[in-house]
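For reference, the structure is listed below as structure tokens.
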Amino acid sequence: MTARIIGTGSYVPERVVRNADLAEIVDTSDEWIVSRTGIRERRLAVEEGTSHMAAEAAKRALEDAGVKAEDLDIILLATSSPDNCFPAGACEVQAAIGAVNAVAFDISAACSGFIFGMNTVYGFMRAGIYKTGLVIGADCLSKLTDWSDRGTCVLFGDAAGAAVVRAEEGGLVHMTMGSDGVKGPVLSCVARTTGNFVNGRTPEIGYMYMDGQEVFKFAVKKVPECVNQVLQEAQVSMDEVRYFVLHQANYRIVEAAAKRLKQPMEKFPMNMDRYGNTSGATVPTLLDDLNRAGKLERGDKIVIAGFGAGLTWGAALIEW
Ligand code: UT7
């Protein structure tokens, strides 16, 4: 028994922010952003938070799957920008959709989060513990962005994507995950909860910090590495794969991965031009785009792969 995706959904805020809009607040240009990243515009949340976006994506995925919320056994929300320290965003989603029979908790693996969520639910399903699950990747990084830092503020967008997963034969065939905490400081957002009885300080939340070049170097090495590993271990050849659905951080990272894997760019769908880097939401929103455009057929082999803060990385081979 493994975990098969039987429905997908996504949610993006209405507010569109184009590169030209950002050029009005920091020293940047549409030309720089497009040529260095492939991003043209992104959606930014105005009122909605992470849990709201996640719940909306979840409702659409349940509808697509034809599954009732009360039939869910487990809800995993992958996010690094939860609305609160606690309760977990997954519990807020549970309440919003009425999934009264599910256990719900968050997974914190930043941009690798959805992959980690899929791999976790796969483990539960292989062990025969849960039958029907909901995995969501949702982030609202605009809340953690320093809007005066041109090195980061042009890159990210807000979104949520979700997949309903059922214990069936086929589906997620093989997976890998990894992390390297030593490299954590290259991509971080520090929340200082140092207040205590003695010093009386109040908690403060910082802005995200990124050493872009270090993350870039790590990504172009790790992504092809973990894709190769998953395929080799599953004894599936690169040519049998219909799509490589990679984390959408930068089109140059996707191109570099395609080159190293010696696969044509047509197999690497992208949506970062419209949404930017939406962290944990990139892979499930892209899967949902493909699904709703009728581009996925039952039996198609798809590799999903991501990397991000932690540092973390992961990949999975999925049979649609
Ligand atoms: O989701 C996972 C986390 N994120 C990532 O995967 C991001 C990985 N890194 C990247 O995608 C790229 O490193 C960036 C897009 C962040 C930066 O691209 P780059 O080609 O590595 O640029 P750079 O950092 O080497 O900067 C080149 C120049 C610098 O100016 P000087 O020193 O050459 O004068 C930067 O100050 O571009 C400057 N720059 C900008 N210029 C205009 C940096 N950001 C901007 C900007 N607009 N927004």
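Here is a yes/no grid of residues against (1) of a type in the set (Ser, Thr, Tyr); (2) within 13 Å of the ligand (Cβ to nearest atom); (3) over 27 Å from ILE318 (Cα atoms); (4) under 18 Å from the mean Cα position of the chain (by Cα):
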| residue | (1), (2), (3), (4) |
| --- | --- |
| ALA20 | no, yes, yes, no |
| ASP30 | no, yes, yes, no |
| SER35 | yes, yes, yes, no |
| ARG40 | no, no, yes, no |
| ALA45 | no, no, yes, yes |
| ALA65 | no, no, no, no |
- Name every residue in the stretch 159-184 that is outside any strand (DSSP E or B) and modelled with pLDDT under 95, in order of residue number. GLU169, GLY170, GLY171
- Looking at the stretch 98-131, which of its residues are surrounded by 23 or more Cβ atoms within 10 Å (Cβ to Cβ) and of a type in the set (Val, Ile, Thr)? ILE107, ILE115, VAL121
- Message: I need every pair where a residue in the stretch 262-279 that is within 24 Å of GLU240 (Cβ to Cβ) has its Cβ under 8 Å from the Cβ of a residue that is part of a strand (DSSP E or B) and at pLDDT 95 or above, sequence separation at least 6 or different chains.
- Response: GLN263/PHE244; LYS267/TYR243; LYS267/PHE244; PHE268/TYR243; PHE268/PHE244; PHE268/LEU246; PRO269/TYR243; PRO269/VAL245
- Task: Could you look through the stretch 8-52, keep only residues that are charged (D, E, K, R), touching an Asp or Glu at 6+ places or on another chain (Cβ under 7 Å) and surrounded by fewer than 20 Cβ atoms within 10 Å (Cβ to Cβ), and pick out the one that is farthest from SER148 (Cα to Cα)?
- Result: ARG40
- Give the residue, chosen from GLY170, GLY184, GLY212, GLY161, that is in contact (Cβ under 8 Å) with a residue 24 or more places away in the chain and crowded, with 17+ Cβ neighbours inside 10 Å. GLY161
- Item | Set GLY128, GLY98: member being over 30 Å from VAL254 (Cα atoms) and either touching a residue at least 60 places away in the same chain (Cβ under 8 Å) or within 16 Å of the ligand (Cβ to nearest atom) (or both) | GLY128
- Item | Only one of ALA3, ALA55 that is buried (at least 22 other Cβ atoms within 10 Å of the Cβ), out of contact with any Gly (no Cβ under 7 Å at 6 or more places or on another chain) and more than 18 Å from LEU286 (Cβ to Cβ) | ALA55
- At least 3 residues that are of a type outside the set (A, V, I, L, M) in each: list the strands (runs of 3 or more DSSP E) lying fully within the stretch 20-119 that qualify. 41-43
- Query: For the stretch 136-158, does any single residue satisfy the condition of being assigned to a helix (DSSP H, G or I), surrounded by 15 or more Cβ atoms within 10 Å (Cβ to Cβ) and in contact with a helix residue (DSSP H, G or I) (Cβ under 7 Å, 6 or more places away or on another chain)?
  - Reply: yes
- Item | Matching residues, the stretch 129-167, being of a type in the set (Lys, Arg) and over 22 Å from GLU63 (Cα atoms) | LYS143, ARG150
- From the option list GLU92, GLU24, single residue qualifying as in contact with a Ser or Thr (Cβ under 9 Å, 6 or more places away or on another chain) and without any contact (Cβ under 8 Å) to a residue 60 or more places away in the chain is GLU92
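The values are calculated or read from the model by the stated rules, or taken from the named source; none is laboratory data. In this text, all values refer to a predicted model and were calculated from it rather than measured experimentally. A quick note on method: Cβ atoms are made from the backbone with ideal geometry, for glycine too, and the neighbour counts reach across all protein chains shown.
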